[in-house]
Amino acid sequence: MTVIEDDLRAAFVRHEPLTPSTGPLRAAIDRVAATRRRRRQRFQAAGVTLAVLAALGVGVPQLRPDRPVDGPSLSGQPAGTPSGALNVLLLGVDGFGEQPSYRLADSVLLVHIPADRSRPYLISLPRDLGVSIPGRGVDKLNSAFFTGAGEPRPDLDAGYDLTRRVVADLTGVRVDAGAVLTFAGLRRITDAVDGVQVCLPKEVRSWHTRRTFPAGCQRLDGAASVDLLRQRRDLPDGAFDRDRNAQRYVAGLIRAVSAKDVLSNPVRLAGLLSAPGKGLAVDDDGLPLTRLVAVLPELDSVDPVGLSLPVGEPVDDRTLLPLDPKLGKAFLAALAEDRLAQWVAQHPEQVNPVR
């Protein structure tokens with residue numbers, strides 16, 4: 001046995017100089033890892049507030065000087081300026097990073113910017129809408145994020161990616177950019193702007209804290225904003241009212257940021273974008289937010305229109321909501337064909353006041 005071991009050691013010594021160096025392989029692995037880290041840092045660093053502000057038409061400076069500036073395009077459009085309609089997917093995730101960690105995207109908001117750059121549209125997609133989810137089958141829309149995020153260490157990126165795929169299949173439109181915001185991140189963003197004014201048409205009583213939010217306009221701090229946006233159980237229209245309150249919160253956030261002149265103050269802007277910490281993720285690998293910002297001067301109005309995807313009554317014991325066979329299909333056709341202005345003019349009762 002000793003002789004065999006000695007022969008093997010001698011053979012290894014003779015052939016060791018012929019062994020390829022691990023340096024190039026190690027370097028390649030390090031480059032891949034660094035690229036993944038940079039993508040994750042991009043996904044988390046830009047901030048959901050930037051996504052919201054960009055989508056709703058509030059100008060911001062270019063924050064990504066590391067991206068090369070393209071030359072003029074053959075079409076004559078300014079370099080890097082996207083044309084056509086744009087769609088931004090914003091997800092509010094309940095319980096992420098908390099115990100228990102629910103990881104359900106209970107707030108799904110699609111921001112549509114039409115090709116004519118007239119004004120942005122906030123489209124709430126119901127959490128209980130029945131959709132086809134790869135790897136899960138037909139289930140509620142909010143479970144797409146849960147399915148994608150996985151267990152036991154949920155991944156915001158993967159949860160967003162699967163939800164984006166489901167929403168694109170549902171609506172028939174391309175999702176150009178997006179963001180995920182947890183309640184912890186929302187609380188920190190709200191406090192960073194010293195509160196957000198939310199205007200409610202009716203009184204809301206918290207099922208979780210018993211706090212009362214009176215009808216009318218009121219300034220909410222981070223904890224109160226989270227409390228309000230969690231409410232659905234005692235609201236007349238349940239989750240639909242929660243979606244409408246989320247739209248009102250977004251409108252209030254825009255007003256708060258504009259009033260404090262955050263966007264023209266680099267120090268304040270940097271502080272706001274870093275406030276959510278790990279409670280946010282931003283997708284800028286499809287349409288970088290800096291390119292999205294380039295279309296903002298073209299908007300005729302930054303006042304958004306609040307809408308909800310029309311749905312029917314539940315059809316089974318799982319409370320899955322079907323798409324309204326008439327209004328829902330007509331709405332999605334108008335969205336895909338970039339005719340929401342005409343659809344709103346024909347259905348003014350479908351507009352949700354955002355202030």
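Couple of notes before you dig in:
Residue-wise test of (1) surrounded by fewer than 16 Cβ atoms within 10 Å (Cβ to Cβ); (2) modelled with pLDDT under 65; (3) of a type in the set (Ser, Thr, Tyr).
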{"residue": "Asp243", "(1), (2), (3)": "no, no, no"}
{"residue": "Ile254", "(1), (2), (3)": "no, no, no"}
{"residue": "Val267", "(1), (2), (3)": "yes, yes, no"}
{"residue": "Ala270", "(1), (2), (3)": "yes, yes, no"}
{"residue": "Asp284", "(1), (2), (3)": "no, yes, no"}
{"residue": "Glu298", "(1), (2), (3)": "yes, no, no"}
{"residue": "Asp303", "(1), (2), (3)": "yes, no, no"}
{"residue": "Asp316", "(1), (2), (3)": "yes, no, no"}
{"residue": "Thr319", "(1), (2), (3)": "yes, no, yes"}
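This table checks each residue for (1) of a type in the set (Asp, Glu); (2) surrounded by fewer than 19 Cβ atoms within 10 Å (Cβ to Cβ); (3) on the phi > 0 side of the Ramachandran plot.
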site	(1), (2), (3)
Val193	no, no, no
Leu200	no, yes, no
Glu203	yes, yes, no
His208	no, yes, no
Phe213	no, no, no
Cys217	no, yes, no
Leu220	no, no, no
Ala224	no, no, no
Arg232	no, yes, no
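- Among residues of region 331-343 that are under 16 Å from Val111 (Cβ atoms) and without any contact (Cβ under 8 Å) to a residue 12 or more places away in the chain, those with a beta-carbon under 8 Å from a residue that is polar (S, T, N, Q) and in a helix (DSSP H, G or I) at least six positions away or on a different chain give the pairs Ala334/Gln342.
- Among the residues making up region 139-181, those that are in contact (Cβ under 8 Å) with a residue 40 or more places away in the chain and of a type in the set (A, V, I, L, M, F, W, C) are Phe145, Phe146, Ala149, Leu156, Val167, Leu170, Val173, Val175, Ala177, Ala179, Val180, Leu181.
- Among the residues of region 197-239, those that are within 27 Å of Leu129 (Cβ to Cβ) and part of a strand (DSSP E or B) comprise Val198, Cys199, Leu200, Val204, Arg205, Phe213.
- The numbered conditions (1) farther than 21 Å from Val111 by Cα; (2) at pLDDT below 65 are all true for Ala223 except (2).
- Counted residues, region 140-164 - those being open to solvent by 20 Å² or more (accessible area, probe 1.4 Å), at pLDDT 90 or above and of a type in the set (A, V, I, L, M, F, W, C): 1
The values are calculated or read from the model by the stated rules, or taken from the named source; none is laboratory data. Just so it is clear, the structure is predicted and the values come from calculations on it, not from any experiment. Cβ atoms come from the backbone with ideal geometry, glycine included; neighbour counts cover every protein chain shown. Please note that ligands, DNA and RNA were not included when accessible areas were found on the heavy atoms of the full protein model with its side chains. Shrake-Rupley method; radii C 1.70, N 1.55, O 1.52, S 1.80 Å.
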